[in-house]
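The values are calculated or read from the model by the stated rules, or taken from the named source; none is laboratory data. Keep in mind the model is a prediction, meaning the values are calculated, not measured. Backbone-built Cβ (ideal geometry, glycine too); neighbour counts: all protein chains shown. These area figures cover heavy atoms from the full protein model, side chains too; ligands, DNA and RNA do not enter into them. Shrake-Rupley method; radii C 1.70, N 1.55, O 1.52, S 1.80 Å.
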Amino acid sequence: RGVALEPFRYREGIAIGGSPLPLPLRMGAATALAGTQLGVRAAALARPQVRERVAGGLRRLFPGSGFGPAADRIGAWRWRLVAEGRTAAGESVTATADAEGHPGYLTTARMLGEAGLLISEEGATPDRSGCLTPALALGTGSIERFDRARLRFSVA
């Protein structure tokens, strides 16, 4: 329709505070992680025979499904995610998610459960369809419901 949109630019990082003394150790760990990611990518793109050999090696190295932390350790987590952004007009926006529970084992399951309950309620979500972001699919009017999942969102 002739609408010119500004290109979306995105950059992410993790701020890890602390003394500069262990900086070489942190850089070494980052290099090892990047190398691991490259290795996994190469294995994923390899021939099926190579992928099967890699998978067999990983099965011997790592625990099988069903293995994970104890329940008391999963619930003891507290975490916070802060996303800082800037509008096209140059204004700063900060979105924060505060949660209780392990992010991979507990918080995500609670969040998905609450989202499923929300979707199942007649009229609780916006009348949209297609490939949507969670905010568009679920709407922001019921965001307080995620308090039940011990997940709180705020925007400033």
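Restricting the search to the range 92-127, which residues are touching a Gly at 6+ places or on another chain (Cβ under 9 Å) and farther than 30 Å from Gly66 by Cβ?
Hits for the range 92-127 are Ser92, Val93, Thr94, Ala95, Ala124, Thr125, Pro126.
Give all pairs with beta carbons closer than 6 Å in which a residue from the range 86-99 that is within 30 Å of Ala76 (Cβ to Cβ) meets a residue that is surrounded by 10 or more Cβ atoms within 10 Å (Cβ to Cβ) and among the hydrophobic types (A, V, I, L, M, F, W, C); count only pairs at least 6 apart in sequence or on separate chains.
From the range 86-99, the pairs are Ala95/Ala83; Ala95/Val155; Thr96/Val82; Ala97/Leu81; Ala97/Phe153; Ala99/Trp79; Ala99/Leu151.
So which pairs qualify, if the first residue must be in the range 102-123 and over 14 Å from Pro134 (Cβ atoms), the second must be open to solvent by 40 Å² or more (accessible area, probe 1.4 Å), the Cβ gap must be under 6 Å, and the two must be at least 6 apart or on different chains?
Matching pairs, first to second residue: His102/Trp77; Pro103/Trp79.
What number of residues within the range 86-106 satisfy the criterion of being under 22 Å from the mean Cα position of the chain (by Cα), open to solvent by 40 Å² or more (accessible area, probe 1.4 Å) and farther than 18 Å from Phe153 by Cβ?
Residues in the range 86-106 being under 22 Å from the mean Cα position of the chain (by Cα), open to solvent by 40 Å² or more (accessible area, probe 1.4 Å) and farther than 18 Å from Phe153 by Cβ: 3 in total.
Give just the number: which of (1) open to solvent by less than 80 Å² (accessible area, probe 1.4 Å); (2) more than 15 Å from Ala149 (Cβ to Cβ); (3) of a type outside the set (Ser, Thr, Tyr) does Ala109 not satisfy?
Condition not satisfied by Ala109: (2).
From the list Arg73, Arg11, Arg51, Arg26, exactly one residue is open to solvent by 70 Å² or more (accessible area, probe 1.4 Å) and modelled with pLDDT of 90 or more. Which is it?
Numbers: Arg73 fails: modelled with pLDDT of 90 or more; Arg11 fails: modelled with pLDDT of 90 or more; Arg26 fails: modelled with pLDDT of 90 or more.
Only one candidate qualifies: Arg51.
Having 3 or more residues that are out of contact with any His (no Cβ under 8 Å at 6 or more places or on another chain) and over 27 Å from Gly13 (Cα atoms) is the bar; report the helices (runs of 4 or more DSSP H) wholly within the range 41-156 that clear it. I'd like the intermediate steps shown before the answer.
Numbers: elements: 48-61, 71-75, 108-120, 134-138.
In the range 41-156, 48-61, 108-120 are the helices (runs of 4 or more DSSP H) which contain 3 or more residues that are out of contact with any His (no Cβ under 8 Å at 6 or more places or on another chain) and over 27 Å from Gly13 (Cα atoms).
Restricting attention to the range 118-141, report how many residues are loosely packed, with under 14 Cβ neighbours inside 10 Å and at negative phi.
Of the range 118-141, the ones loosely packed, with under 14 Cβ neighbours inside 10 Å are 119-123, 127-136, 140-141.
Okay, now just the ones that are also at negative phi, so 119-122, 127-129, 131-136, 140-141.
Residues flagged as loosely packed, with under 14 Cβ neighbours inside 10 Å and at negative phi within the range 118-141 amount to 15.
Could you figure out which of (1) more than 22 Å from the chain's Cα centre (by Cα); (2) outside any helix (DSSP H, G or I); (3) at pLDDT 90 or above isn't true of Gly18?
(3)
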